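Just so you know, all these numbers are worked out from the coordinates, no wet-lab data involved. This one's a predicted model, so the numbers in the text were calculated from it and none came from an experiment. Cβ placement follows ideal geometry from the backbone for every residue including glycine, while neighbour counts extend to all protein chains displayed.
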Amino acid sequence: MKSQLIFILDDDDAVRNALDSCIRSLGFKVGIFYSAEKLLNSDQLDEVFCVISDVQMPGINGFELLSILQQRKPAVPVILLSAFYEDCLKNKALNMGAIEFISKPFCLSIIINALDKVT
């Protein structure tokens with residue numbers, strides 16, 4: 001059922017817009033955020049099905065967000081994105097419970113494949 005809500009968190013407008021268009025075209029509802037603080041204070045946090053978040057963010061970073069979400073909403077899958085891809089960061093993300101760690105720039109098919117893991 002693809003009417004689920006997916007939150008997108010990135011401080012880059014172009015990335016947010018690209019992900020928004022892609023994910024909406026797949027039939028999901030989308031909430032877009034430019035900061036983790038805004039996401040965590042969203043009225044729709046209890047409805048979220050999946051979170052796609054950049055790692056390098058001002059304020060709360062993607063790893064910190066993952067940790068907070070695991071405490072508050074442990075069943076919500078998290079996909080992390082980073083322009084600074086390193087195996088150690090990927091391993092950290094996966095060990096912390098992220099379902100995927102994706103390097104930027106990315107091909108939208110990689111996002112789709114990651115979402116297939118949770119749908």
Output row, site Lys29, 7 Å Cα→C-beta label point, backbone N cut-off 13 Å, window segment 1-21, residues 2-7
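Given the -39500 (n - 2.57) contribution per DSSP H run of 4+ residues, what per-residue ellipticity at 222 nm results for the chain, rounded to the nearest 500 deg cm²/dmol?
Working: 5 runs with 48 residues, N = 119.
Result for the chain, helices only: -11500 deg cm²/dmol.
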So how strong a dipole does the chain carry about its Cα centre when Lys and Arg Cβ are +1 and Asp and Glu Cβ are -1, to the nearest 20 debye? 320 debye
Cβ-Cβ cut-off under 14 Å around Lys92, Lys and Arg +1, Asp and Glu -1: the net charge is -3
What is the distance in Å between the Cα centres of segment 34-55 and segment 75-103? 16 Å
Taking only the alpha carbons of segment 29-119, the radius of gyration and the largest Cα-Cα distance, Dmax, both in angstrom, are 12.3, 35
Set Lys and Arg Cβ to +1 and Asp and Glu Cβ to -1, take the dipole of the chain about its Cα centre, and tell me which of Ile60, Ser21, Ile112 lies farthest positive. Ile112
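Tally the DSSP beta bridges in segment 5-116 and give the antiparallel ones as a percent, rounded to 5. Write out the running numbers ahead of the final one.
Working: 0 of 18 bridges.
Among the beta bridges of segment 5-116, antiparallel pairing accounts for roughly 0 percent.
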